[in-house]
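Structure first, commentary second.
Each value in this text was obtained by applying a stated rule to the coordinates, not by laboratory testing. These figures come from a predicted structure and were not determined experimentally. With ideal geometry, Cβ positions are generated from the backbone for all residues, glycine too; neighbour counts draw on all protein chains shown.
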Amino acid sequence: MTSGPRKASIQKTNVKSRRKMSEHFHDISDLRLLKEMGKLAPTEFNAWLNLDKIVGREDGAIPRKYRELIALGVAFTTQCPYCIEVHVKNAKAAGASREEVTESALIAAALRAGGAATHGAMALKLYDL
């Protein structure tokens, strides 16, 4: 067990490390690295870009507002801050209300909670094997 000045030094270092990580964990300037990713893996990157365009389709059976609300619910579940920002702005532009955005967040939360509960049931099944 560490005590005295060494313990204080370790605690100070840990706090400093955590602060640095949290300050840069979701840094909008990191998006500039997407260009590099496109150069490093162009086929995969372009496939990803094309997938992302699916949400913005205007000619699909699902109207644009609902496409954005669905994308927003998925973004809440995957916890992508950049996706949340893009899709909340797009949902608003497509006519979604604050209430609809809020409901999409709570629907996503309910489904995520449901997944945890059903995986808990699976854990019990596996425990009994």
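Which of the trypsin sites (Lys or Arg not before Pro) found in the stretch 55-129 are loop residues per DSSP with 12 or fewer other Cβ atoms within 10 Å of their Cβ?
Listed in order of number, the matching sites are Arg57.
On a 27 Å Cα-Cα criterion, which of the cross-link pairs Lys39/Lys92; Lys35/Lys65; Lys35/Lys89 come out too long?
Distance filter (> 27 Å) returns Lys39/Lys92; Lys35/Lys65.
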